[in-house]
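A.B. asks: I have a structure here, written as structure tokens, and I will follow up with some questions on it.
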Amino acid sequence: MGIEFGSTRIKAVIIDSQRKVINNGSHHWESRIIDGHYSYPLADVKTGLRDAVSGLGAETISIRNIGISAMMHGYLVFDKEDQQLAAFRTWKDTTTTEAADKLTRLFDFNIPERWSVAHLFQAILNGESHVQNIAFITTLAGYVHWQLTGEKVIGIGDASGMFPVKDNEWHPEYVEKFRELTGIDWPSIAPKILVAGEDAGTLTEAGKTYLFEDARKEGVLLCDPCTFCPPEGDAGTGMVSCKAIAPNTGNVSAGTSIFAMIVLEKPLSRLYREVDMVTTPDGRDVAMVHYNECTSKIDPWMDRFEEAFSLFGFRVEKYELYDKLYEVALKHEGKLAAFMHEVLESAVADLAGGLRILKEEEKVRIDKLAGHGGFFKSGEAGRVVMSEMTGIPIEISETAAEGGAWGIALLADYVNVADQMTLNEYLEDM
């Protein structure tokens, strides 16, 4: 079983021995502002999880492995009595600019505003009294995993969005610099790092109660032991669902915003503020290029076309507008075709610039990218234009639509065969 906590939906899936989804459930939720920060109450985490899994028992199903994934980064801190010290601050929270800038200069390593260490240092700069009582800091995936297994661990991919990592451990040089700056020993308060395939604990009796009010009522049989894979972030499970974890490959998610994850053969030679450094679930270095706008640059033009048609009494379905105007963009004849081609180019221009840094400055070879998201849903135009703009072959991922919950379910299943094959071999065998 795989469970992923997204920004607007909690999704649970069960896969069979052929790794096909045989059942799923979901729960919709939204962040709210608590104490000036984007947040989700931990009570909502529990009730949302139970609601998502409540629909999985249409027939009796036996579960032997579970994986937890969630939105990365953010700030979840607890004292030595395991009591929450401050409201959960999510990746959307952008109150950490000062801390992120200072840490980036100190480390000579890009620390984005959404990273956990930036949230912690900003709390220190703000003089927040709870900091002195912090005994444990984790991510949302790490928190849920802890509630289910009692284990304070984290997958390497999720860890890499908290604090820099090196050789599957917290980066020792930056750990020392942070200790000198703050007096805080990061490894002593952070989860233990694990990589894909490692045993990350088993479901406890308390965990069963947290997961199900009554497992028997839900029609789910939990094996004893029911083992867990390391909890992971949504970026890592997205890469797994696209089968894009080998060096010189990656994936690109193009919707309202756009980001590409490029698996590297070696670390970058220097700092680039346009590029975030994270890892795959099996610990390979990944360069992440992220921009806030993509289809949000196209949508206003579609609205204007729709408005123009309505002036003449015509009603055109929005999906028809997208399909037809995307198609026109590839005709290369006439002013409308040229205009639409430029509109599509504008949606990926920022990404192309970020990838150009990797290709020209770092000589990173990118053999192909697996594409998914709304930009690719109207025919071939999105794929063709992005490939033209980036100079990289774009392949539309057929498996990405299954989502991160499927990706973490695969990682949970991989625990059973990790001693026999690499994660990439496991995915290629599908």
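Any read-out appearing in this document is the output of simple, stated calculations on the displayed coordinates, not a laboratory observation. Owing to the predicted nature of the structure, the values given are computational and were not obtained by experimental measurement. All Cβ positions, even for glycine, are placed from backbone atoms using ideal geometry, and neighbour counts span all protein chains on display.
A.B. asks: Arranged from highest to lowest average of other beta-carbon atoms within 10 Å per residue, in what order do the peptides 67-77, 140-150, 83-93, 323-333 appear?
C.D. replies: Ranking, from highest mean packing down: 67-77, 140-150, 83-93, 323-333.
A.B. asks: Within a 10 angstrom radius of the beta carbon, how do 289, 343 rank from fewest other beta carbons to most?
C.D. replies: 343, 289
A.B. asks: Determine, at each q value in 0.14, 0.18, 0.22 (inverse angstroms), the log₁₀ of I(q)/I(0) that the Debye formula gives when each Cα of the stretch 197-277 is one equal point scatterer.
C.D. replies: Reported log10 I(q)/I(0), two decimals: -0.72, -0.89, -1.07.
A.B. asks: Looking at the stretch 279-406 from every direction and averaging, what is the projected area of its Cα convex hull in nm²?
C.D. replies: Working: hull surface 38.3 nm².
Value for the stretch 279-406: 9.6 nm².
A.B. asks: Which values, in whole Å and largest first, are the semi-axes of the equivalent ellipsoid of the chain obtained as the square root of 5 times each eigenvalue of the Cα gyration tensor?
C.D. replies: 35, 27, 22
A.B. asks: Give me the lysines in straight-line cross-link reach of residue 208: C-alpha distance below 24 Å, same-chain residues under 8 apart excluded.
C.D. replies: Residue 208 reaches 11, 46, 80, 152, 192, 217.
A.B. asks: Using Cα pairs closer than 8 Å and at least 6 residues apart in sequence, work out the relative contact order for the stretch 263-365, in percent. Working shown, then result.
C.D. replies: Details: 85 pairs, mean separation 25.5, N = 103.
Averaging sequence separation for qualifying contacts and normalising by length gives 25 percent for the stretch 263-365.
A.B. asks: Residue 337 to residue 368: extension gain in nm, 0.36 nm per residue of separation minus the Cα-Cα distance?
C.D. replies: 8.5 nm
A.B. asks: Give me the compactness ratio for the stretch 107-215, meaning the Cα radius of gyration over 2.2 N^0.38 Å.
C.D. replies: Taking the Cα Rg and dividing by 2.2 N^0.38 Å, one obtains 1.17.
A.B. asks: Please compute the contact order of the stretch 358-421 in relative form: average sequence separation of alpha-carbon pairs under 8 Å and at least six residues apart, divided by the residue count, as a percent.
C.D. replies: It comes to 29 percent, rounded to a whole number.
A.B. asks: In whole Hz, what ³J(HN,Hα) sequence does the stretch 185-191 give by Karplus (6.51, -1.76, 1.60; θ = phi - 60°), x for Gly and Pro?
C.D. replies: Running phi through 6.51 cos²θ - 1.76 cosθ + 1.60 with θ = phi - 60° gives 8, 3, x, 6, 10, 8, x Hz.
A.B. asks: Roughly what % of Cα-Cα distances in the stretch 349-430 sit above 15 Å, to the whole percent?
C.D. replies: Cα-Cα pairs in the stretch 349-430 separated by more than 15 Å: 67 percent.
A.B. asks: In the P(r) worked out for the stretch 216-327, what percent of Cα pairs fall beyond 19 Å?
C.D. replies: 64
A.B. asks: How high is the FRET efficiency from residue 429 to residue 395, r the C-beta distance, R0 22 Å, rounded to 0.05?
C.D. replies: E(calc), rounded to 0.05, equals 0.75.
A.B. asks: Something else now. Kindly put 411, 311, 203, 125 in sequence by how many other C-beta atoms sit within 10 Å of each C-beta, fewest to most.
C.D. replies: Neighbour counts put them in this order, fewest first: 311, 125, 203, 411.
A.B. asks: When the dipole is taken about the Cα centre of the chain, and only Lys, Arg (+1) and Asp, Glu (-1) are charged at their Cβ, what size is it in debye, to the nearest 20?
C.D. replies: 340
A.B. asks: Can I ask one more? Can you give the Rg and Dmax of the stretch 1-95 based on its C-alpha atoms, in angstrom?
C.D. replies: Using the Cα atoms of the stretch 1-95, the pair Rg, Dmax is 15.4, 46 Å.
A.B. asks: Using only the alpha-carbon atoms of the stretch 266-350, report the extent along each of the three principal axes, biggest first, to the nearest angstrom.
C.D. replies: Between the extreme Cα coordinates on each principal axis of the stretch 266-350 lie 57, 25, 22 Å.
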